[in-house]
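Any read-out appearing in this document is the output of simple, stated calculations on the displayed coordinates, not a laboratory observation. Computed from a predicted structure; not experimentally measured. Cβ coordinates were reconstructed from backbone atoms using ideal geometry, including for glycine residues, and neighbour counts include every protein chain displayed.
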Amino acid sequence: MKKSRREAEAPDKQQSVAALVASHVVCSLSGRRDIERRELFDEQRRARDSSAKRKVIRAGRRGGKTTFASSVSIDAFLDGLRILYATPTADQLQTYWYEVTTALGDMIHEGVYRKNEANHSIERPGTRERIRAKTAWNADTLRGDYADLLILDEWQMMDERAWDRVGAPMLADNDGDAIFIYTPPSLASRSASKARDAQHAAKMFAEAAHDQTGRWAAFTWPSKANPHISDEALRGLVHDMTSQAYRQEIMAEDVVDVPGALWNQATIDSNRVTKHPPLVRVGVGVDPPGGATECGIVAAGVGPWRVNGKQDQHAFVIMDKSLRGSPHAWASEVVSCYHLVKADRIFGEKNFGGDMVESAVRTVDATVSYQDVYASRGKAVRAEPVAALYEQGRVHHVGLFPELEAEMTSWLAGESAWSPNRVDALVWILTMLMLSPGSKAVMSVPQVLPGTSYWTGLR
Ligand SMILES: Nc1ncnc2c1ncn2[C@@H]1O[C@H](COP(=O)(O)OP(=O)(O)OP(=O)(O)O)[C@@H](O)[C@H]1O
Ligand SMILES: [Mg+2]
């Protein structure tokens, strides 16, 4: 076997030389020079060998998705096809580009293929054979090409209209093939997404999996299926992930809704806004930690909002500063959040440890406006009217709150062994803003909490 180009060019790829050599095969292609190739692992191979015209691949982070894309691109290119690889991010593009240019490196060097670094294309002069890689995230950025094989990597982050409007038409002339590649997006990874429906890739996967015609096929594997990623690298990746994010990004599961959870993601998403109106009252809800758990710290405000021509008071969740730490650490965060959002009052739950929240907060800043709230009823009973407000479209998240929303959509009253501290803080603040008798936005079924005085608002 000849000396690997990778060996010479990418010593930083964190693979031993032996593993590197073992992961490659050299294919001798009729009439062409040797092409150095990755040897695909089973899951990748199964997807490659399928004869479906549309393949939807759902795999975990570092699961070998982009390597797969480059490998099938090289196969198709050597078969005389035109390939367009599109992905929303520059780093994916670079991974792909590195793979294809390395594999075809000798032939490029010898002038058999022509490489254009500026527009990331490799072509065989005098033919229509070409590989082109571009960053694209919607119909407009995908436009302007035609292909026999279109690969959309990180498809979950793209505006799904790119496929109907540009992708499918571009393949129509030659009845080309398409490969959609995605990792189920956790809430944390969704902020950079251009998807209109965060579940669009999951929906396409489900349809492909149920396809009876043979035209569509679905393939899935977790990160761990990739034998070339070390346990250590995987541990680094899952560090700090919520259990929901782990299921999505590592196990490659499309976690849509947890049956029985008080909130569902679609409701939260449909009410989400990027800006809030001037807020007439703002408060910070605090759920003190019981033992080593997090201290829930959530800020929200009330302001006028117009829906279908009717103006009403709506709630806007503006900050989640929950954290794990010493009383001084979380009390400092509460106080800084209070000042940051120019809150009128802090509401702290008094159930645990007497006046722990008030004394901790006052130690940091004695001047804050503070009110205790008491939990005389179970969490679920307190949370239900707040969940109802969401269903009525009266609570808006200003931006994304991944950890809070993960708790909201996965906590099961009476079943979950863990305590939803962020949810508790959220429930307190929304109850005080929207459901307590003193709030202007009293619901038809107000929840009166014993021990809470009327909140007259501004200091
Ligand atoms: N068949 C293979 N042979 C050798 N190495 C592989 C193979 N497939 C993947 N790898 C290696 O595994 C690592 C992850 O691969 P890749 O970047 O393709 O995964 P990914 O699923 O696209 O990751 P991400 O989620 O970060 O986009 C890389 O170091 C890559 O070189
Ligand atoms: Mg990738």
- Task: Return, ordered by residue number, the residues of region 385-412 whose backbone nitrogen is under 11 Å from a label point located 7 Å along Cα→Cβ of Lys310.
- Result: none
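Roughly what percent of Cα-Cα pairs across region 265-435 reach past 28 Å? Don't skip to the end; give the middle numbers.
Values: 2463 of 14535 pairs.
Looking at region 265-435, the distances longer than 28 Å represent 17 percent of pairs.
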- His328 versus Tyr146, label points 7 Å from Cα toward the beta carbon: distance in nm? 7.1 nm
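Taking the Cβ of Asn264 as the centre, find all other residues whose Cβ is under 11 Å away and add up their charges (Lys, Arg: +1; Asp, Glu: -1).
Details: positive: none; negative: Asp257, Asp269, Glu391, Glu405.
Taking every Cβ under 11 Å from that of Asn264, the sum is -4.
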- Counting other beta carbons within 10 Å of each Cβ, put Met432, Met158 in order, fewest first. Met432, Met158
- Query: Say a site is exposed when it is one of the chymotrypsin sites (Phe, Trp or Tyr not before Pro), sits in a DSSP loop, and has at most 15 other Cβ atoms within 10 Å; what is then the longest site-free stretch of the chain?
  - Reply: 147-351
- In degrees from 0 to 90, rounded to the nearest 10, what is the angle of the helix 379-391 Cα long axis to the longest principal axis of the chain? 70 degrees
- Message: Need the list of aspartates and glutamates near Lys224 for cross-linking: C-alpha distance under 16 angstrom, and skip anything on the same chain fewer than eight residues off.
- Response: Asp42, Glu43, Glu232, Glu249, Glu253
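About its Cα centre, what dipole magnitude does the chain give when the only charges are +1 on Lys and Arg Cβ and -1 on Asp and Glu Cβ, stated in debye to the nearest 20? Write out the running numbers ahead of the final one.
On the way: 56 positive and 58 negative charges, 148 e Å.
Dipole size: approximately 720 debye.
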- Arg362 and Asp106 label points (each 7 Å along its Cα→Cβ direction) are spaced in nm at 7.9 nm
- Query: What's the extension gain from Asp269 to Ala118 if we count 0.36 nm per residue and subtract their Cα-Cα distance?
  - Reply: 50.5 nm
- Item | 0 to 90° range, to nearest 10: angle between helix 200-210 axis and the chain longest Cα axis | 60 degrees
- Item | Anisotropy class of the chain from Cα gyration tensor, a/c 1.5 cut | prolate
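Consider all pairwise Cα distances in region 229-331 and report the whole-number % of them above 24 Å.
Numbers: 2592 of 5253 pairs.
In whole percent, the share of Cα-Cα pairs in region 229-331 beyond 24 Å is 49.
Let me make sure I get this right: for region 5-249, a, b and c are the square roots of the gyration tensor eigenvalues over alpha carbons, sorted descending. Under 1.5 in a/c it's rounded, otherwise prolate if a/b > b/c, else oblate. Which is it?
Values: a/c = 1.61, a/b = 1.13, b/c = 1.43.
The shape class here is oblate.
Is the shape of region 128-250 best called rounded, prolate or oblate, per the rule: a/c under 1.5 gives rounded, else a/b larger than b/c gives prolate, else oblate, with a ≥ b ≥ c the square roots of the Cα gyration tensor eigenvalues? Don't skip to the end; give the middle numbers.
Details: a/c = 1.79, a/b = 1.70, b/c = 1.05.
Cα axes put region 128-250 in the prolate bin.
With the cut-off at 30 Å, tell me which of the pairs Lys55/Lys321; Lys321/Lys350; Lys194/Lys379; Lys275/Lys350 have Cα atoms farther apart than that. Could you put the intermediate results ahead of the total?
Numbers: Lys55/Lys321 41 Å; Lys321/Lys350 19 Å; Lys194/Lys379 35 Å; Lys275/Lys350 32 Å.
Exceeds cut-off: Lys55/Lys321; Lys194/Lys379; Lys275/Lys350.
Return Ser359, Ser189, Ser51 ranked ascending by Cβ neighbour count within 10 Å, so the fewest neighbours appear first. Show your work: numbers first, answer last.
On the way: Ser359 12, Ser189 18, Ser51 9.
Fewest-to-most ranking of Ser359, Ser189, Ser51: Ser51, Ser359, Ser189.
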- Set Lys and Arg Cβ to +1 and Asp and Glu Cβ to -1, take the dipole of region 265-435 about its Cα centre, and tell me which of Ile268, Ser326, Ala413 lies farthest positive. Ile268
- Query: Relative to the longest principal axis of the chain, what angle (0 to 90°, nearest 10) does the C-alpha long axis of helix 90-103 take?
  - Reply: 20 degrees
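May I ask you to sort Val286, Val273, Val258, Val361 by Cβ crowding, counting other Cβ atoms within 10 Å and putting the fewest first?
Numbers: Val286 33, Val273 14, Val258 18, Val361 24.
Lowest to highest Cβ neighbour count: Val273, Val258, Val361, Val286.
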- What FRET efficiency comes out for the pair Asp91/Lys342, r = Cβ-Cβ distance, R0 = 35 Å, nearest 0.05? 0.35
